[in-house]
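Colleague: I have a structure here, written as structure tokens, and I will follow up with some questions on it.
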Amino acid sequence: MTFAHLWILHFLWLLPITAVLLIILGRRKKRALEGLADKELIYRLTGKERKGRGFIKDMLLIFGLGLMIFALTGPRWGSHYEEVTQKGVDIMLAVDISQSMLVEDIKPDRLERSKREIMDFLKVVQGDRVGLVAFAGAAFVQCPLTLDYAALRMFLNSIKPGLIPVPGTDLGAAIETAMSGFDFKSETDKVILLITDGEDNEGRGYKAAKKAAERGVKLFVFGMGDPAGGPIPGDDGKGGFKKDKAGRLIISKLNEDSLKKMASVAGGTYARSVAGDLDLDIIYFDGIKSRTEAKALKSGKITVYEERCGIFLIAAFFFLMLEGFIRERGEAQETVLGPPSMHRRDFVQKDY
């Protein structure tokens, strides 16, 4: 026997507590009746107490409660095999980790916002294989396509500026590296989700997007930053900002125009990160899911255990129903104070 929710067995501690409460309530009830009238009158009003019936009722109630708690644990025994097929699309996340992603024009900064958006994205993906590419002046596959989103989160947490020693931002390398992570022999629809501030220092992004479109890969682009831009933190660790040769601050701006063209030529869409919005969720449901078709990613047999909680629920219902039929006292006397004429005579005599 196995259990789906073994932790629910902790609630069995309610049974001894319930037993103590029933004993206390029973004694209070008995004292209340004894204080109301003498025993003879109580017998006539409520019937004579049947010894042991109260104990039986309490035990039936406790058994019923215990069986209901046990049923909630999901007891299972016996099993059968079931054929299952998991469907989805292949999605490569290409994340910009260049120095400009540390600009704080969106809070806390572009790269940290990207990570948070991806974390939310992984909560809503529906059976898709997802991989991760990190890029700056070069690119590499940080995590291959996988259904293990927990492992992907671990790789995501490890990316940071400086992980790639080549400075700059090469969007072409990011797209080409992401495409190298796909198995083009598979009929599964393929998607690249590019997350960047749009500064393409090498100028190869648009050409790479066209190549992706030719191979049937759709490109969705997520812009990080503000078109007004912000200063780039220095990489010397002293808290300053980068400056040009003339001593002026270098401002990094979100280049939306080029990103929109890249997404359009590769059959995808563009969106910009806005505070408070679940932007990647919108791209996933309104973009990726609507423009792709889920194909079989893997199939196989799984063991399905037979749920047996119904047996214990039926037994609990039987015990509770039986408890309701048991009476603690016998039949009450039909006549309580004698014939009506006797009542009147006693009343007249009392007046005199």
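The values are calculated or read from the model by the stated rules, or taken from the named source; none is laboratory data. Source: prediction; values computed, not measured. FYI the Cβ positions are ideal-geometry reconstructions off the backbone, even for glycines, and counts take in every protein chain you see.
Colleague: Against the definition (farther than 19 Å from M101 by Cα, surrounded by fewer than 16 Cβ atoms within 10 Å (Cβ to Cβ), under 33 Å from the mean Cα position of the chain (by Cα) and not aromatic (F, W, Y)), how does I282 come out, yes or no?
Modeller: Judged against the criteria, I282 is a match.
Colleague: Within the stretch 70-85, identify whether any single residue is assigned to a helix (DSSP H, G or I) and out of contact with any Lys or Arg (no Cβ under 9 Å at 6 or more places or on another chain), and answer yes or no.
Modeller: Yes, the stretch 70-85 contains at least one residue that is assigned to a helix (DSSP H, G or I) and out of contact with any Lys or Arg (no Cβ under 9 Å at 6 or more places or on another chain).
Colleague: Can you tell me which condition F55 does not meet? The list is (1) modelled with pLDDT under 90; (2) touching a Ser or Thr at 6+ places or on another chain (Cβ under 9 Å); (3) of a type in the set (A, V, I, L, M, F, W, C), and all the others hold.
Modeller: Checking F55 against (1) modelled with pLDDT under 90; (2) touching a Ser or Thr at 6+ places or on another chain (Cβ under 9 Å); (3) of a type in the set (A, V, I, L, M, F, W, C), the one that fails is (2).
Colleague: Please indicate, with yes or no, whether at least one residue in the stretch 331-338 is modelled with pLDDT of 85 or more and either under 29 Å from F55 (Cβ atoms) or assigned by TED's automatic domain parsing to the domain that holds P108 (or both).
Modeller: Keep residues of the stretch 331-338 that are modelled with pLDDT of 85 or more, which gives none.
No.
Colleague: List every residue pair whose Cβ atoms sit under 6 Å apart, with the two residues 6 or more apart in sequence or on different chains, where the first one lies in the stretch 64-78 and is closer than 14 Å to M1 by Cα and surrounded by fewer than 17 Cβ atoms within 10 Å (Cβ to Cβ) and the second, anywhere, is at pLDDT below 90 and hydrophobic (A, V, I, L, M, F, W, C).
Modeller: G74/F3; G74/A4; G74/C309; W77/M1
Colleague: Same structure again: Answer with yes or no whether D170 is acidic (D, E), surrounded by 19 or more Cβ atoms within 10 Å (Cβ to Cβ), closer than 25 Å to V124 by Cβ and in contact with a strand residue (DSSP E or B) (Cβ under 7 Å, 6 or more places away or on another chain).
Modeller: It is false that D170 is acidic (D, E), surrounded by 19 or more Cβ atoms within 10 Å (Cβ to Cβ), closer than 25 Å to V124 by Cβ and in contact with a strand residue (DSSP E or B) (Cβ under 7 Å, 6 or more places away or on another chain).
Colleague: Related question: Would you say K123 is outside any loop (DSSP other than H, G, I, E, B) and within 17 Å of S258 (Cβ to Cβ)?
Modeller: So K123 does not fit the description; no.
Colleague: Additional query: I'm checking my understanding of the structure. Among residues of the stretch 98-129 that are among the small types (G, A, S) and under 23 Å from I288 (Cβ atoms), which one is surrounded by the fewest Cβ atoms within 10 Å (Cβ to Cβ)?
Modeller: Here the answer is G127.
Colleague: Name every residue in the stretch 168-198 that is within 15 Å of I97 (Cβ to Cβ) and touching a helix residue (DSSP H, G or I) at 6+ places or on another chain (Cβ under 6 Å), in order of residue number.
Modeller: L171, I195, D197, G198
Colleague: Additional query: Could you please find all residues in the stretch 230-273 being surrounded by fewer than 12 Cβ atoms within 10 Å (Cβ to Cβ) and among the hydrophobic types (A, V, I, L, M, F, W, C)?
Modeller: A246
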